[in-house]
Structure formats: structure tokens, C-alpha cells
Amino acid sequence: MMSRPLSVVLDIGPAVHQNAGLARYAERLASHLLAGHGDEIDLTLFYNQHSGHTLPNGLTGVPTASIARGQYGWRLGALASQLLGFPRLASPLPPHDLYHATEHLLPRLARPSVLTVHDLIFEAYPQHHTALNRSFLRLSMPLFVRRASAIIAVSRQTRRDLVDRYGTPQSKIHVIHEGIDDRFAPIDSAEVDRVRQKYSPERPYLLMVGTLEPRKNHATAMRALARLKRAGHPHRLLISGGQGWLFESVRALVDELGLADDVTFAGWVPDEELPALYGAADVLLLPSLYEGFGFPVLEAMACHTPVVCADSSSLPEVAGDAALLVAPTDDEALAAATARILVEQGLADDLRRRGAAQAAQFRWERCAAETVAVYRDVHNGNV
């Protein structure tokens with residue numbers, strides 16, 4: 001006899017207010033919980049209504065609960081509830097078996113909770129965060145991690161960081177890799193040509209995808225591009241991503257290196273154009289100093305685009321043997337690896353083949369199923 005569905009409140013806030021990786025995680029997880037686990041999970045979506053944003057189109061009609069606080073009021077309120085031990089923030093929520101925090105924000109509640117930890121970048125590279133955000137996270141994250149009933153880490157790297165930096169028991173941490181969507185696949189050549197004409201009509205390009213912030217290490221990619229230009233390669237560097245923080249010095253580097261005509265900041269690219277943007281690129285570059293997961297690696301591989309990425313943090317775990325790996329700050333190695341792909345057709349074809357197989361292992365269906373198993377363990381007191 002099947003037990004009753006668990007009532008789960010899922011924080012969908014990242015998908016309401018952002019366009020980056022946390023947003024994709026929250027939205028895709030919610031969608032696959034609803035599509036594949038409706039008999040096991042009675043799901044309610046929760047978010048803060050600040051800024052007037054609304055649910056993604058695919059989640060309209062799902063039961064929701066919300067509060068209406070400013071961004072900082074909500075964050076500080078969640079922290080205060082943990083410090084004071086008073087679950088006042090639970091009042092807007094319906095009765096539920098457990099609460100799942102999908103970003104690094106966990107209010108004090110009278111029910112069990114699951115916290116997804118994406119990364120501890122603010123600990124590894126504090127200089128790449130604003131002082132205010134760094135101070136908040138350094139105070140709040142150890143507390144949120146300690147108070148959660150169970151932790152989902154999106155990579156083994158994140159699990160190592162939790163154990164090493166906070167002393168979190170490994171038994172409390174469940175590594176559940178994120179996934180990619182079916183839309184990331186080889187794209188019709190006409191659509192690839194259309195997107196290429198829109199973003200780089202006259203020249204081939206190398207691609208970077210991700211929020212414009214220092215840890216993405218655009219500076220090393222630009223120095224590698226300068227080396228490739230001196231070697232006679234015609235490529236430009238196309239950078240897709242929304243504006244982050246502390247990026248002014250990197251923009252200045254474009255002029256310093258004489259790359260004003262060779263670097264294009266495309267801004268945020270609509271989701272429906274991303275597969276073709278990958279497909280039109282000759283190589284994806286991801287020399288990030290630190291990644292908790294690394295969506296662009298898998299998305300590019302699924303679109304049959306070769307990848308060169310850093311050999312640090314979670315990226316070797318995600319890329320496997322299907323990418324060329326280099327030290328993140330070694331622009332000479334990054335340029336050399338990229339040049340190999342551009343001139344060695346056999347290597348490029350081999351990486352495309354390996355990449356497609358690697359990307360196929362990371363599925364949202366599996367992520368949702370493993371997440372439900374954690375919910376069950378928490379509810380049954382097995383964690």
C-alpha cells in the first residue's frame with residue numbers, strides 16, 4: 001500500500017527573481033517533481049514577492065504561498081529567525097511535512113528542512129564578493145547548514161567544501177548532480193545560422209556563458225584570445241551573461257589588450273537561443289576559478305560543441321574525459337588547448353563524441369528522483 005504523498009514546500013524564489021544557475025535549478029527541479037512524482041509529492045511553491053516578479057510560465061497554476069518583503073528584509077528575517085530560534089516566518093506557509101530551500105537562505109521552521117548548497121565560493125574567493133554579501137553569507141551559511149535536517153550538494157566538490165570548512169557530517173550530505181534539458185542538442189542548421197548572424201555575422205567565435213563576475217575568469221580567456229589573435233586565428237570571443245559585480249576591471253582589460261573589435265558582450269541571451277548559440281561556437285571556454293557545478297560545460301557538450309575548461313573545483317567532475325582541462329589562470333595553456341581544437345579536426349570530432357555521451361548522464365529526471373528519496377529519508381527520520 002502506497003503511503004500518502006509528502007507535502008513539500010519548495011522555495012521557487014531563484015526562478016522568480018533570477019536568470020542564472022540557481023534559477024534553472026529551482027525551476028527545473030519543480031517542473032520534474034510535478035511531472036514525474038505527483039503521486040509521491042504534494043508540492044507547494046513558495047517565494048518572496050519583492051520586485052513584482054512572477055512565477056515562470058511553466059509553473060503557473062501550481063499551488064503557491066508567498067510573502068511580500070523587500071529582498072534584504074527577507075534575507076535578514078530568515079537569518080534573525082535562526083539566530084533567535086523563533087519560526088515566525090512559517091506563518092505564510094501551509095501545513096507541510098518539510099521545506100526545501102533551493103538557495104542559500106533557510107528560515108527557522110517547526111518542520112524538517114532540506115537545504116541545497118550550490119557552492120561556497122564566498123569562502124574560497126571572498127575578494128570576488130561584495131563586502132555586504134560576504135558578511136551575510138559568512139554569518140548565515142554555517143548556521144543554515146547546521147540547522148537543516150539534510151543537505152543536498154550539487155557536486156562532490158561542494159560536499160568536500162562543506163566537510164572541510166564547516167565540519168558538516170558526510171552522512172548529512174547527499175550529492176545530487178543537476179541536469180540539462182532536452183532542448184540542449186544539435187540544432188537545425190538554419191537556426192544555428194540565424195543565431196550566428198545575429199551575434200557574430202562576419203567571424204567565427206569562441207563562447208563563454210555565465211554571469212559577468214570575477215570568478216568566471218574572463219580575464220584569462222581574454223589573454224588567451226590575444227595569444228590566438230597573434231597566432232593568426234580570426235575568432236572573436238562572444239560573452240553571454242547578465243551583469244554581475246566587480247567586473248569593471250575586466251571590461252577595462254579589453255582595451256588594454258587591444259581587443260575592442262574582438263570581444264563581444266552579448267548580455268543575457270534568451271533561453272530559446274542558447275542551444276543555437278552553443279551550436280554555432282567553435283569552442284566553449286570555461287576557465288572559471290571556481291564552480292559549484294558548471295552548467296555550460298554540459299550544455300555545450302550536448303550541443304556537440306568542444307569544451308576547454310578549468311581543471312579545478314567541480315569542473316573535472318562534470319566534464320569527465322570529454323573536455324580539455326587546463327589550469328584556470330594559465331592563459332598560455334588555455335590558448336594552446338583551444339588552438340588544438342581549432343586545427344585538429346580529429347580531436348574536435350572526438351571531443352564532440354565524448355561530450356555527447358558525458359552530457360547524457362546528467363538528467364533532471366534523475367535529479368528529481370534522487371531528491372524525492374532525500375525527502376522520504378528526512379520524513380522517516382533516516383538522516
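In the set V383, V343, only one residue is among the β-branched types (V, I, T) and without any contact (Cβ under 8 Å) to a residue 24 or more places away in the chain; that residue is V343.
Conditions tested, residue by residue: (1) of a type in the set (F, W, Y); (2) crowded, with 21+ Cβ neighbours inside 10 Å; (3) at pLDDT 95 or above.
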residue: L284; (1), (2), (3): no, yes, yes
residue: E291; (1), (2), (3): no, yes, no
residue: G294; (1), (2), (3): no, yes, no
residue: P306; (1), (2), (3): no, yes, yes
residue: C309; (1), (2), (3): no, yes, yes
residue: S312; (1), (2), (3): no, no, no
residue: G320; (1), (2), (3): no, no, yes
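Scanning the stretch 78-94 for residues being at pLDDT 85 or above, of a type outside the set (S, T, N, Q) and either more than 25 Å from the chain's Cα centre (by Cα) or not assigned by TED's automatic domain parsing to the domain that holds D42 (or both) gives a total of 3. Taken over the stretch 348-360, the criterion of being surrounded by fewer than 17 Cβ atoms within 10 Å (Cβ to Cβ) and touching a residue at least 12 places away in the same chain (Cβ under 8 Å) is satisfied by A356, A357, A360.
One line per residue, one yes/no per condition, for (1) of a type in the set (G, A, S); (2) farther than 20 Å from P186 by Cα:
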| site | (1), (2) |
| --- | --- |
| L274 | no, no |
| L284 | no, no |
| L289 | no, yes |
| P296 | no, no |
| A310 | yes, yes |
| A322 | yes, no |
| D330 | no, yes |
| L334 | no, yes |
| R353 | no, no |
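Are any of the residues in the stretch 47-57 at pLDDT 90 or above, at negative phi and buried (at least 19 other Cβ atoms within 10 Å of the Cβ)? No, the conditions are met nowhere in the stretch 47-57. Considering the stretch 241-281, and only residues there that are under 19 Å from V307 (Cα atoms) and hydrophobic (A, V, I, L, M, F, W, C), the residue that is farthest from the chain's Cα centre (by Cα) turns out to be V263. Looking across the stretch 237-278, just one residue is within 16 Å of P201 (Cα to Cα) and touching a His at 6+ places or on another chain (Cβ under 7 Å), and that is I239. Scanning the stretch 184-200 finds no residues that are touching a residue at least 12 places away in the same chain (Cβ under 8 Å), in a strand (DSSP E or B) and in contact with a Leu (Cβ under 6 Å, 6 or more places away or on another chain). For the stretch 198-238, which residues satisfy the criterion of being of a type in the set (S, T, N, Q) and at negative phi? Within the stretch 198-238, S200, T211, T220 qualify. Of all residues being of a type in the set (D, E, K, R) and assigned to a helix (DSSP H, G or I) in the stretch 12-43, which is modelled with the lowest pLDDT? Just the residue, please. This residue is R24.
Put simply, of V117, V175 the only residue that is surrounded by fewer than 19 Cβ atoms within 10 Å (Cβ to Cβ) and touching a strand residue (DSSP E or B) at 6+ places or on another chain (Cβ under 8 Å) is V175.
Just checking, how many residues over the stretch 205-220 are among the β-branched types (V, I, T) and more than 20 Å from L342 (Cβ to Cβ)?
Within the stretch 205-220, residues that are among the β-branched types (V, I, T) and more than 20 Å from L342 (Cβ to Cβ) number 1.
Return the residue satisfying two criteria in turn: it lies in the stretch 362-383 and is surrounded by fewer than 16 Cβ atoms within 10 Å (Cβ to Cβ) and of a type in the set (G, A, S), and of such residues it is modelled with the lowest pLDDT. Restricting to residues being surrounded by fewer than 16 Cβ atoms within 10 Å (Cβ to Cβ) and of a type in the set (G, A, S), the top hit is G381. Evaluating R69 against the criteria (1) closer than 30 Å to R4 by Cα; (2) in contact with a His (Cβ under 8 Å, 6 or more places away or on another chain); (3) charged (D, E, K, R) leaves one unmet condition, (1).
Could you list, in sequence order, all residues of the stretch 125-148 that are over 15 Å from I173 (Cα atoms), surrounded by 19 or more Cβ atoms within 10 Å (Cβ to Cβ) and small (G, A, S)? The one that is over 15 Å from I173 (Cα atoms), surrounded by 19 or more Cβ atoms within 10 Å (Cβ to Cβ) and small (G, A, S): S140.
Taking the stretch 229-238 as the range and being in a helix (DSSP H, G or I) and farther than 30 Å from F184 by Cβ as the test, only R230 passes.
The values are calculated or read from the model by the stated rules, or taken from the named source; none is laboratory data. No experiment lies behind these values; they were computed from the predicted model shown. With ideal geometry, Cβ positions are generated from the backbone for all residues, glycine too; neighbour counts draw on all protein chains shown.
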